[in-house]
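Novice: Below: one structure in structure tokens.
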Amino acid sequence: MATIIAVANQKGGVGKTTTTANLGAALALRGCNVLLVDLDPQGNLTSAFGLEKDVQQTVAESLLDRRIPLPVVEVANGAASHENARHLSVVPAAVGLASAEAQLMNKLGRELRLRDQLLNVSDTFDYIMIDTPPSLGVLTINALVAASRVIIPTEARFFSLQGLQMLEESIEEILYLNPRLEVLGILLSKMDRRLKEERQVAQYLRERWGVRVFGTEVATNSKILEAGSAGTSVFHYHGAEKAVDAYLALADEVITRA
Ligand SMILES: Nc1ncnc2c1ncn2[C@@H]1O[C@H](COP(=O)(O)OP(=O)(O)OP(=O)(O)O)[C@@H](O)[C@H]1O
Ligand SMILES: [Mg+2]
């Protein structure tokens, strides 16, 4: 049975997709079989592995029709060329997921659809990570119902704290449908230690949330952005060694906690 981890924060641009892609690749490199599910109509996770050009089928059809199995695409440029690396696969999304979300609203058991689909594949993987859109709509709820753990990437800014509070309240609501959901960790995913505000907010978060904040921080690093735009993980991007070390350290923390 796979450990299913939702990556969520309703605030936009905090590093959800970047975390899912690079942590997923790091877990594969650590010898785990990993499936990454793109549950965002923006399809950024799909693009992060350069898969957007040849997407035939997406997660949307499998949410709308239970009989259609999830399309699982193996990623060649994940971490597979590294020694010991296991398989990294992606369930792609495209913009059609937005209209599928609207159609889901009229379907029975709309919050449970991803959970039921993942049950069919969860024996094949060690970790399944779900990238979610920047909202608390039915797609994010599907992810939080399917998962047993949630990783919350955040920027270390005062404005981010309010978002964390809202997410905490939503997670409490979700417990009604999914009582086993737990926060695996809060991740400082774009940390700039040169800025006083960021150091202060990071310190506040560690005081408020204690060990639930991952010890590993991912620093802001242009190579992370460039790798994403080039459609690959940092493990296949020249000059991204610092980012590689950070995501491997994060993967080790995740394996220990999960
Ligand atoms: N540590 C980092 N250093 C530099 N750039 C980063 C870092 N993490 C993420 N980024 C960049 O920040 C932008 C937003 O990141 P990302 O797309 O992962 O956020 P998101 O939370 O998934 O956004 P959305 O809410 O739109 O889905 C991207 O351009 C990404 O490349
Ligand atoms: Mg995203």
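Novice: Of everything in segment 112-162, what is assigned to a loop (DSSP other than H, G, I, E, B) and more than 16 Å from ligand 2 (Cβ to nearest atom)? Give them in sequence order.
Specialist: Of everything in segment 112-162, those that are assigned to a loop (DSSP other than H, G, I, E, B) and more than 16 Å from ligand 2 (Cβ to nearest atom) turn out to be ASN120, VAL121, PHE125, ASP126, ALA147, SER148, ALA156, ARG157.
Novice: Right, here's the next one. Can you tell me which residue within segment 183-205, out of those that are outside any helix (DSSP H, G or I) and out of contact with any helix residue (DSSP H, G or I) (no Cβ under 9 Å at 6 or more places or on another chain), is surrounded by the most Cβ atoms within 10 Å (Cβ to Cβ)?
Specialist: Taking the candidates together, the pick is LEU195.
Novice: Out of (1) more than 9 Å from ligand 2 (Cβ to nearest atom); (2) surrounded by fewer than 24 Cβ atoms within 10 Å (Cβ to Cβ), the odd one out for LEU35 is which?
Specialist: Single failed check for LEU35: (2).
Novice: While we're on this one: Find all pairs meeting these conditions: Cβ atoms under 6 angstrom apart; at least six residues apart or on different chains; first residue within segment 199-214 and closer than 19 Å to ARG257 by Cβ; second residue among the basic types (Lys, Arg).
Specialist: VAL213/ARG206
Novice: Among the candidates PRO69, PRO134, which residue alone is buried (at least 17 other Cβ atoms within 10 Å of the Cβ) and either under 24 Å from LEU27 (Cβ atoms) or in contact with a Lys or Arg (Cβ under 9 Å, 6 or more places away or on another chain) (or both)?
Specialist: None of the others qualify; the one that does is PRO134.
Novice: Filter segment 163-175 down to residues that are assigned to a loop (DSSP other than H, G, I, E, B) and either within 16 Å of ligand 2 (Cβ to nearest atom) or modelled with pLDDT under 95 (or both), then give me how many there are. Before you say what the answer is, go through the steps one by one.
Specialist: Initial filter on segment 163-175 (assigned to a loop (DSSP other than H, G, I, E, B)): 175.
Subsequent filtering for residues that are either within 16 Å of ligand 2 (Cβ to nearest atom) or modelled with pLDDT under 95 (or both) retains none.
The total comes to 0.
Novice: Still on this structure: Among what's in segment 3-27 and is assigned to a loop (DSSP other than H, G, I, E, B) and hydrophobic (A, V, I, L, M, F, W, C), pick the residue that is farthest from ligand 2 (Cβ to nearest atom).
Specialist: This residue is ALA8.
Novice: Here's another thing I want to ask about it. Checking the structure you have, find out if any residue of segment 46-57 is farther than 22 Å from SER122 by Cα, without any contact (Cβ under 8 Å) to a residue 12 or more places away in the chain and more than 11 Å from ligand 2 (Cβ to nearest atom).
Specialist: Looking for residues that are farther than 22 Å from SER122 by Cα, without any contact (Cβ under 8 Å) to a residue 12 or more places away in the chain and more than 11 Å from ligand 2 (Cβ to nearest atom), one finds at least one in segment 46-57, hence yes.
Novice: From ILE255, ILE224, grab the single residue that is in contact (Cβ under 8 Å) with a residue 40 or more places away in the chain and near ligand 1 (Cβ under 8 Å from one of its atoms).
Specialist: Selected residue: ILE224, the only one of ILE255, ILE224 that is in contact (Cβ under 8 Å) with a residue 40 or more places away in the chain and near ligand 1 (Cβ under 8 Å from one of its atoms).
Novice: I'd like the full set of residues that are out of contact with any Asp or Glu (no Cβ under 6 Å at 6 or more places or on another chain) and within 16 Å of ligand 1 (Cβ to nearest atom), limited to segment 96-137.
Specialist: Answer for segment 96-137, where residues must be out of contact with any Asp or Glu (no Cβ under 6 Å at 6 or more places or on another chain) and within 16 Å of ligand 1 (Cβ to nearest atom): LEU97, ALA98, GLU101, MET129, ILE130, THR132, PRO134, SER135, LEU136, GLY137.
Here's the yes/no breakdown for (1) touching a residue at least 60 places away in the same chain (Cβ under 8 Å); (2) more than 9 Å from the chain's Cα centre (by Cα); (3) more than 10 Å from ligand 1 (Cβ to nearest atom); (4) under 14 Å from LEU187 (Cβ atoms):
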residue	(1), (2), (3), (4)
ILE4	yes, yes, yes, no
VAL7	yes, no, no, yes
VAL14	yes, yes, no, yes
ASN22	yes, yes, no, yes
ALA25	yes, yes, yes, no
ALA28	yes, yes, yes, no
CYS32	yes, yes, yes, no
LEU36	yes, no, yes, no
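The values are calculated or read from the model by the stated rules, or taken from the named source; none is laboratory data. Since this is a predicted model, take the numbers as computed values, not measurements. Don't worry about glycine lacking a Cβ; one is built from the backbone with ideal geometry, like all the others, and counts go over all protein chains shown.
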